[in-house]
1. Where does helix 69-87 land angle-wise versus the long Cα axis of the chain, in degrees 0 to 90, nearest 10?
2. To the nearest 0.05, what FRET efficiency results for GLU84 and ALA60 with a Förster distance of 22 Å applied to their C-beta separation?
3. With angles folded into 0 to 90 degrees, how steeply does helix 10-23 sit against the dominant principal axis of the chain? Use alpha carbons for both and round to 10.
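Derivation of every value follows stated rules applied to the coordinates shown; laboratory data play no part. This is a predicted model, so every value here is computed, not measured. Don't worry about glycine lacking a Cβ; one is built from the backbone with ideal geometry, like all the others, and counts go over all protein chains shown.
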Amino acid sequence: MNTVQVSLPSQEWRELVGLSQQEQVPTVHLLQQAVRSFLDEKKRLARVRQGLQKSFGVWADRDDLDRESVVIVNELRCEWNEREQRCGSA
């Protein structure tokens, strides 16, 4: 394990110490969790971006879509919004 020095604003440090006391875990453990969570989120976002990049232009060669793409996308969005409302997600 590597050691690193971290500087935090006083308010954040007080909150971190208070949380470590409340959860009865070492402050360093909370910092390790925060770093792990940050890195996991960055990886997740990178996968999402990669998926979006791969899907870009996926309909470019379709000749069965004779309407404007804006119309098609708006219809798909409306359908999605309706589904969300039926499921109680919206």
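1. Compared with the principal axis, the helix lies near 60 degrees.
2. E between GLU84 and ALA60, to the nearest 0.05, is 0.20.
3. 80
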